[in-house]
1. Inspect all residues belonging to the stretch 271-289 and state whether any of them is under 30 Å from ALA175 (Cα atoms), assigned to a helix (DSSP H, G or I), within 18 Å of the chain's Cα centre (by Cα) and free of Cβ contacts under 8 Å to residues at least 60 places away in the same chain.
2. Identify, by number, the condition in (1) of a type outside the set (D, E, K, R); (2) in a loop (DSSP other than H, G, I, E, B); (3) closer than 30 Å to ALA160 by Cβ that ALA58 doesn't meet.
3. Restricting to the stretch 83-124, name every residue that is among the hydrophobic types (A, V, I, L, M, F, W, C), exposed (fewer than 14 other Cβ atoms within 10 Å of the Cβ) and without any contact (Cβ under 8 Å) to a residue 60 or more places away in the chain.
4. Within the stretch 48-68, work out how many residues are in contact with an Asp or Glu (Cβ under 7 Å, 6 or more places away or on another chain) and more than 19 Å from ALA283 (Cβ to Cβ).
5. Would you check which residues across the stretch 35-80 are open to solvent by less than 40 Å² (accessible area, probe 1.4 Å), modelled with pLDDT of 95 or more and β-branched (Val, Ile, Thr) and list them?
6. Mind counting the residues in the stretch 284-302 that are open to solvent by 60 Å² or more (accessible area, probe 1.4 Å) and not acidic (Asp, Glu)?
7. Let me confirm something: among ARG151, ARG144, which residue is touching a residue at least 60 places away in the same chain (Cβ under 8 Å), assigned to a helix (DSSP H, G or I), open to solvent by 60 Å² or more (accessible area, probe 1.4 Å) and within 26 Å of VAL29 (Cα to Cα)?
8. Yes or no: ALA31 at pLDDT 95 or above, touching a Pro at 6+ places or on another chain (Cβ under 7 Å) and either surrounded by fewer than 20 Cβ atoms within 10 Å (Cβ to Cβ) or not basic (Lys, Arg) (or both)?
Amino acid sequence: MTSSQLAPSVPARITLDPVGLEEPLEQLVTAAQVAQVWALVLEAQVSVGTADPSDEHAMNTAQEEVRANARTYRSVQLPSVIHQLVLMAGAADLLQSLHEGSVESPESVASFLGELMPIFEEHEQHARDLADKYGKFSRETEDRLEVLAGRTRAEVKKIAGDDGRIAAKTKELEAMQEEVRKDLDAVISASHKMGAGARKILDTILDIFRDAAKKKGEDDGKSKKEDKPPVGESAPESSEDVHGGIEDITSGAVGAALQKLRRDRAKVEALYREIAGLKSGLATVKKIDSECGAYGRSVRDVMRPAQEIADAWTQVVASFAATLEEQAKKKDKGAWLATEISWSVIKWKTIQSQAERLRAMVTGN
């Protein structure tokens, strides 16, 4: 039993036109293409790392479930849309055959249309199946996306929340920077007791710190050119030379203070790198969440035109049946029906051209 038989409330028009099919067909293919693009994006996504290693397996599992859904869309759902276009073009061919038969033998055209009605009902059922199956797929997609969204939202909170990793590491960095300032004070205080020579070296160390602060971030990832000194001039002392000079002329308190300064500065640099890694991971998680949201919306957008096409086919089949009943009331040997067919076949040819154009858009052929 077809949906036209199940929905007697649908008003049946006396016409053989493809009423209500053209606009949703265009919308269906446009939405299907957008969903195809986002499906490809999701398939190409990298696996998301997590701040807490114990969360990584669950995150990657949720991501793979969504990737599998995207692959299913391209391998199953999209071909179903293409099949609907093929059926639409085939229906137009049937109307053309009906038109040719009405020209040759108008008195037999009603019988011919009656024989074709089961085929049109099959087209209606295919459209209904597409809408129903796509509805089920859409719900499955929402379920998988919701699981992944829960993971990404939790990850964003762990990284960037008020009590997240970035906030904690930033506080740790601020404390360590304060410790470095104390280390500098300790080195300066100890060096003052050693005399002017040590003070000169320490002033050089301070210059190195100031230069590092100015140049921070400017030379990341870039190789530094080594400038050769002019002939007759010696190369400037490196920080290693300076440190070595300190160690040569100092011992005890200054040496210990200097070693602590080096260790704490290394900790500051490590914290900078760790915070940068957390921010990079946060950007990746947000990007994944945004792309998955766009895919989910694009899948939902296919639902409405798919349903509208199924409903339109219900009306078309009901109208065909009503038109046959109207012809049965007439005593003109099929002349009226032949005329109806001659007008309707023009509109079905338009639908056929549209379906073939849209199919070429999707398949590239």
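1. Narrowing the stretch 271-289 to residues under 30 Å from ALA175 (Cα atoms): 271-286.
With assigned to a helix (DSSP H, G or I) added as a condition, the list becomes 271-286.
Still in the running and within 18 Å of the chain's Cα centre (by Cα): 281-286.
Pick out the ones that are also free of Cβ contacts under 8 Å to residues at least 60 places away in the same chain and you get 283.
Checked against the condition, which is being under 30 Å from ALA175 (Cα atoms), assigned to a helix (DSSP H, G or I), within 18 Å of the chain's Cα centre (by Cα) and free of Cβ contacts under 8 Å to residues at least 60 places away in the same chain, the stretch 271-289 yields at least one hit.
2. ALA58 satisfies all of (1) of a type outside the set (D, E, K, R); (2) in a loop (DSSP other than H, G, I, E, B); (3) closer than 30 Å to ALA160 by Cβ except (2).
3. Hit for the stretch 83-124 is ILE119, nothing else.
4. Counting residues in the stretch 48-68 that are in contact with an Asp or Glu (Cβ under 7 Å, 6 or more places away or on another chain) and more than 19 Å from ALA283 (Cβ to Cβ) gives 1.
5. Result: VAL66, single match.
6. From the stretch 284-302, those open to solvent by 60 Å² or more (accessible area, probe 1.4 Å) are 286-287, 289-290, 297, 300-301; that's our starting set.
Checking which are not acidic (Asp, Glu) leaves us with 286-287, 290, 297, 300.
Qualifying residue count, the stretch 284-302: 5.
7. Working: ARG151 fails: within 26 Å of VAL29 (Cα to Cα).
The unique qualifying residue is ARG144.
8. Values: at pLDDT 95 or above: yes; touching a Pro at 6+ places or on another chain (Cβ under 7 Å): yes; either surrounded by fewer than 20 Cβ atoms within 10 Å (Cβ to Cβ) or not basic (Lys, Arg) (or both): yes.
So ALA31 fits the description; yes.
The values are calculated or read from the model by the stated rules, or taken from the named source; none is laboratory data. The structure presented is a predicted model; accordingly, all values stated were derived computationally and were not measured. Positions of Cβ are backbone-derived with ideal geometry, glycine not excepted, and every protein chain shown enters the neighbour counts. Keep in mind that these areas ignore ligands, DNA and RNA; they rest on the heavy atoms of the full protein, side chains included. Shrake-Rupley method; radii C 1.70, N 1.55, O 1.52, S 1.80 Å.
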